[in-house]
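Here the structure is laid out as structure tokens; the discussion comes afterwards.
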Amino acid sequence: MDTQAEIAAPKMSGGLDPSISRDVADAVRDTIYRATILLDSQEWNEWLDLCDESFSYDIKSWSPEINYDMTYLHASRKDMDALIRLLPKHNTDHSPLTRHTSVYTVDVSDNGETASAVSAFIVFQHLLDGTNSHIDSGESRLFLVGKYFDTFKMVGGRALFTSRIARLENRRLDKGSHWPI
Amino acid sequence: MPARNHKQWMAAPNLKDGEWIDSRVYTDQAIFDEELEKIFKSAWIPVCHESELPKAYDFRTTSIANEPVIVCRGPDNEVRAFLNVCPHRGMLIERRPSGSFYEGQPSGNPKRMTCMFHAWQFDMKGNCVYISREKEGYQDRLPKENVGLRRLRCEVKFGGFVWVNLNDNPVDLEEWAGKPFECLRKTLDAEPMEVFHYHKAIVNTNYKLWHDTNCEFYHDFMHYHNRVTGFNDAYFARKNESFEHGHIVVGTFEVNYDQYEGFESRAGLSFPHLPPNQWYMIDLFPGMNFNLRGSALRCDVVTPLGPDKVMIEFRGLGLKRDTPEERQTRINHHNSIWGPFGRNLHEDLIGVQGQGTTMRPGSESRRVLHGRQENQTIHDENGMRHYYAEWGKWMNRLPSDPEAPFTEPAAVAAE
């Protein structure tokens, strides 16, 4: 899969003041890392506050088994809001997830109003109640590996997500998860 | 009754034969090994869908009962299956999950299955067509004609699924599954379908516990989604219909998807010859499930890995002719419920893993109840009773006392 094609990098001519470009890139990194912390602490609504009204969220993976680019989850901001609100009504594996994110690239558009970023992530699952808690709780397992392909728009000096594609490398997902990645 | 002591706990429940089973059928290694030999090596397994190998020389690899299997499409467009084992020294011939033999490989020529180890080559019909240094090594003692691949029974049927059987003389596939598929045959065979979703789960539970979950709907209490979209008079009136060979079918009703916040009605997209928002379920012995929810078809296939370990492959399918918008809609509808990040599948897998936690090799045997009688409607457990009666026949073991030979339970016979 051509992952670079995942997001359309903002068109750049090099005309933007480098200091503004740096500020935008810093804001983008700040938003990505802040999102990581909020997701880890399951502050879902605070995470959504980092997302623009136009936000779309996808979890995708290329399958060499069926030769198909799969979408495991597709949701608008409104969909994510409903999904989060209904979490307490569902039976869920409550084993906490922690994400380790590294921002690889940030590309800022010519006018400094939008940006895109590519980050690597790994997600660990810290077992609690999903299996046999007497034996397994406290164990940490690698849960997911992939890359985030994010786009942003600048609002009042903050970078807000306009889209996030979490592209997974692993397709053996066992019990899966109800939670945003 | 208050909580019970050990003797009371271990006592046979006050239910009829066939309405409970012994948990050793889920935990015993010898029974598991026997199941692979007696059941999985003679049952028809839908190993993949024809859309996974659309062109000549495409292949897909899989396994049944510990035996590696390769399925390939020949230049004559026929799909054939073989053991994925080189007859020379037992090397796995193809290691990739899927691909094409149209291009050459480092050890072999185009349009050939080549064993990378010593470069023996086979055509798409399983004929051995090349042995490296054949004359020098074997003279005339072992001609190519005598070392073809092991061919397996293979048919493309019931909506384009590729069915493989390790037994050379199995029950005819139509006879095996034709009747349960009758409810969806016109729909599934109307036009070509295509797989759009695949993922797998390996969970610590017995494969039958997964199939049990697909065979009973009483567990809908676990699913908030199903309670709010489905619990109505039509839902409770659905029948669990039993078919020969241990299969069951659960009839359709109209699901109110828009009752779940954030979901929309799925009436806009369906399958040929099917009214919108319908839901059919076909469960095939010993562990395959076909589940059609309005706009998407799901297929589960189990690969038992041990008494307390199973791999489940999940596929989602739509119509090959879908527009991009239709396909995306089917994908969303499929995955919002059945995907690895969907609402129901996660709950199902937690449920069966919880059962697997209490029923591990070495756990004391206990009684597992299958005794709900509700006129064979949706929360009746007749589907499981029917399944275990079939299991008992194949294994010649009594599910309620697996050390005893099978006898037909009267309660099941009545169903």
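Values quoted throughout were computed directly from the atomic coordinates according to the rules given, and no laboratory measurement underlies them. For clarity, every value in this text was computed on a predicted model and none was experimentally measured. Because the Cβ atoms are built from the backbone with ideal geometry, glycine has one as well, and the counts that use them run over all protein chains shown.
Observations
- With all projection directions averaged, the alpha carbon convex hull of chain A covers 11.0 nm².
- Reachable lysines, given that their alpha-carbon falls under 16 Å from the alpha-carbon of B:Lys135 and they are not under 8 places away in the same chain: B:Lys144
- Cα gyration tensor shape of the stretch B:192-414, rounded if a/c is under 1.5, else prolate or oblate by comparing a/b with b/c: prolate
- Net charge of neighbours whose Cβ lies under 10 Å from the Cβ of B:Leu152, counting Lys and Arg as +1 and Asp and Glu as -1: +2
- For the pair A:Asp23 and A:Asn45 in one chain, pulling the backbone fully straight at 0.36 nm per residue adds 5.3 nm over the alpha carbon distance.
- Global geometry of the stretch B:45-155, whether rounded, prolate or oblate, following the gyration tensor of its Cα atoms and the 1.5 cut on a/c: prolate
- Helix B:382-395 vs. chain B, principal-axis angle (Cα, 0 to 90°, nearest 10): 50
- As a length-normalised measure over Cα pairs under 8 Å and 6 or more apart, the relative contact order of chain B settles at 21 percent.
- Distance histogram for the stretch B:243-291 (every C-alpha pair counted, 10 angstrom bins, percent rounded to whole numbers): 23, 40, 28, 9, 0
- Stokes-Einstein diffusion of the stretch B:195-247 at 4 °C, 1.567 mPa s viscosity, Kirkwood radius from Cα pairs, rounded to a whole number: 94 µm²/s.
- Contact order normalised by residue count of chain A, Cα under 8 Å, 6+ apart, percent: 27
- Helix B:324-338 axis, angle to chain B major axis (alpha carbon atoms, nearest 10°): 50
- Charge tally in the Cβ shell below 13 Å around B:Ala267, where Lys, Arg are +1 and Asp, Glu are -1, B:Ala267 excluded: -1
- In degrees, nearest ten, helix B:345-358 long axis to first principal axis of chain B (Cα): 80
- Estimated FRET transfer efficiency (B:Glu325, B:Thr358; beta-carbon r; R0 41 Å; 0.05): 0.35
- Over 18 Å (Cα to Cα) - which of B:Lys200/B:Lys239; A:Lys175/B:Lys309; B:Lys157/B:Lys320 fall in this group: B:Lys200/B:Lys239
- Residues B:Glu408, B:Glu241 arranged by fewest to most Cβ contacts within 10 Å: B:Glu408, B:Glu241
- For the stretch A:58-121, alpha-carbon Rg and Dmax in angstrom: 16.4, 47
- Annotation for B:Tyr102 and A:Glu139: the two label points, set 7 Å from Cα along the Cα-Cβ direction, are 4.4 nm apart.
- Sum of side-chain charges, B:Asn66 neighbourhood, beta-carbon under 11 Å (Lys, Arg +1; Asp, Glu -1): -2
- Remark: relative contact order (the stretch B:125-236) = 15 percent; criterion is Cα-Cα distance under 8 angstrom and separation of 6 or more residues.
- Cα-centred dipole magnitude for the protein assembly as shown, charges only on beta-carbon of K, R (+1) and D, E (-1), debye, nearest 20: 1020
- Qualifying GluC sites (Glu not before Pro) for the stretch B:306-361 [loop in DSSP, other Cβ within 10 Å: at most 11]: none
- Each of B:Ile93, A:Ile84, A:Ile122 was scored by other Cβ atoms within 10 Å of its Cβ. Listed from fewest to most, they are A:Ile122, A:Ile84, B:Ile93.
- Exposure proxy shown here: for B:Ile21, A:Ile165, the number of other Cβ atoms within 10 Å sets the order, fewest to most, as A:Ile165, B:Ile21.
- The protein assembly as shown: C-alpha gyration tensor shape, a/c 1.5 cut-off, then a/b vs b/c: oblate
- Cysteine residues of chain B whose Cβ has no partner cysteine Cβ closer than 4.7 Å: B:Cys48, B:Cys72, B:Cys128, B:Cys154, B:Cys183, B:Cys215, B:Cys299.
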